[in-house]
């Protein structure tokens, strides 16, 4: 793990000067309550003043260890110089023209990078958007238009966004869907391989999913199968080996598009540029966002040229899609990932974290599973001696870490998974310290 200039400028250490949250954060929280909708929540009501590498400095002078990366966004670390400098230059040149009105080169450069980096050596095209949900929604549009079919197949535990269409694609009801319907039609859900709770092989679970598609829909009505190669919000579920290739082969054999939602897994997070690379799966369409632009809003759909070019002029786009400042950030972030070999850094993080957490799991039956790849790591908690999810203890562990200045996130269909998403540039000693805090919280709160 290498130290970036941004890390050197901001000490990479946990420092607690006040309780968490401190008085300045609490005052800002009072202002927030008077101005911000309660529908927008925060994991930890600590207001940040500076951030770099693996630390977040708050308005009370506390320095927190960041094991969340803004939900897998700041893979290259906050304020990475490779991102900051091109953004400054671009802001000084122009901030917006709308690519659909008068285009600019760095949009093209991002699309060229995506063509080179995403799985497969076929001819590709991309379209740029603002958010992951917007990318997914456009991928569905492209699939339906290109195939002339309507049905979209998704999986148990999936998360694809909060817009109307992506809520329909998302599996979890509360807080994402409850009370917000009716939802977009022609969405069908099938089983996901979940090794911690299902001992079957990937091929066996894929066969069940395919049988259900064929019996309930018929392959000739399916436009696309949409899947996260490793599920994110659903619980960091990595399907058993063979599941993704089997689904992909069935899609190819039946003229169905295979869409990989790599919004959380992409850009070196799992120890490869994309999670599909681990099993040599080549999607027809791939959606990306989060880690692509170092914290600025940018998303993309990248796909086979014949599919992307089947879209009529003006059928894709958006006023801010591929904003030039966000494109400058993406080019800088991609350069940082390549030059600092952050895919290897992610594997090194996994090599450090997994042995510690799995050793801890062997001491208790309150941990069902420690799973993931690279720097995308989940810990699933259950009531001791059972497979019953334990969201209460999961929440208590997370809050204990927050109180000690370590930012961790939870996830899972039943809220019983702690997820770790450290910046890929995090200092090793800082990561070790964060793990020590987490281990202590687990030991204190499990029964």
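The values are calculated or read from the model by the stated rules, or taken from the named source; none is laboratory data. These numbers come from a predicted model, not from an experiment. When we count neighbours, we look across all protein chains shown, and the Cβ atoms used for this are built from the backbone with ideal geometry, even at glycine.
Inspection of segment 292-300 finds no residue satisfying the criterion of being free of Cβ contacts under 8 Å to residues at least 24 places away in the same chain and either in a loop (DSSP other than H, G, I, E, B) or not assigned by TED's automatic domain parsing to the domain that holds residue 51 (or both).
Does residue 446 meet the test of being at pLDDT below 95 and surrounded by 15 or more Cβ atoms within 10 Å (Cβ to Cβ)?
Criteria met by residue 446.
Just name the residue that is nearest to residue 352 (Cα to Cα) out of those in segment 69-83 that are crowded, with 22+ Cβ neighbours inside 10 Å and in contact with a strand residue (DSSP E or B) (Cβ under 7 Å, 6 or more places away or on another chain). It comes out as 77.
Consider segment 279-296 and keep the residues that are touching a strand residue (DSSP E or B) at 6+ places or on another chain (Cβ under 9 Å) and surrounded by fewer than 23 Cβ atoms within 10 Å (Cβ to Cβ). The one that is nearest to residue 329 (Cα to Cα) is 282. Counted as qualifying within segment 55-158 are no strands (runs of 3 or more DSSP E), as none has 1 or more residues that are at pLDDT below 95. When segment 228-280 is filtered for residues that are in a strand (DSSP E or B) and either more than 23 Å from residue 308 (Cβ to Cβ) or more than 20 Å from the chain's Cα centre (by Cα) (or both), only 257 remains.
Could you go through segment 203-212 and let me know if any residue there is farther than 26 Å from residue 322 by Cβ, without any contact (Cβ under 8 Å) to a residue 40 or more places away in the chain and in contact with a strand residue (DSSP E or B) (Cβ under 7 Å, 6 or more places away or on another chain). Yes, there is a match, as at least one residue in segment 203-212 is farther than 26 Å from residue 322 by Cβ, without any contact (Cβ under 8 Å) to a residue 40 or more places away in the chain and in contact with a strand residue (DSSP E or B) (Cβ under 7 Å, 6 or more places away or on another chain).
Listed here are the residues, each with its yes/no results for (1) buried (at least 21 other Cβ atoms within 10 Å of the Cβ); (2) assigned by TED's automatic domain parsing to the domain that holds residue 233; (3) over 23 Å from residue 25 (Cα atoms).
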| position | (1), (2), (3) |
| --- | --- |
| 43 | no, no, no |
| 47 | no, no, no |
| 64 | yes, no, no |
| 93 | no, yes, yes |
| 97 | no, yes, yes |
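Could you say whether any residue in segment 388-396 is crowded, with 20+ Cβ neighbours inside 10 Å, outside any loop (DSSP other than H, G, I, E, B) and not assigned by TED's automatic domain parsing to the domain that holds residue 171? Checking segment 388-396: at least one residue is crowded, with 20+ Cβ neighbours inside 10 Å, outside any loop (DSSP other than H, G, I, E, B) and not assigned by TED's automatic domain parsing to the domain that holds residue 171. Put simply, of 237, 213 the only residue that is in the same structural domain as residue 266 (by TED's automatic domain parsing) and in contact with a helix residue (DSSP H, G or I) (Cβ under 9 Å, 6 or more places away or on another chain) is 213. In this structure, is residue 326 in a helix (DSSP H, G or I) and in the same structural domain as residue 112 (by TED's automatic domain parsing)? When the stated conditions are applied, residue 326 passes them.
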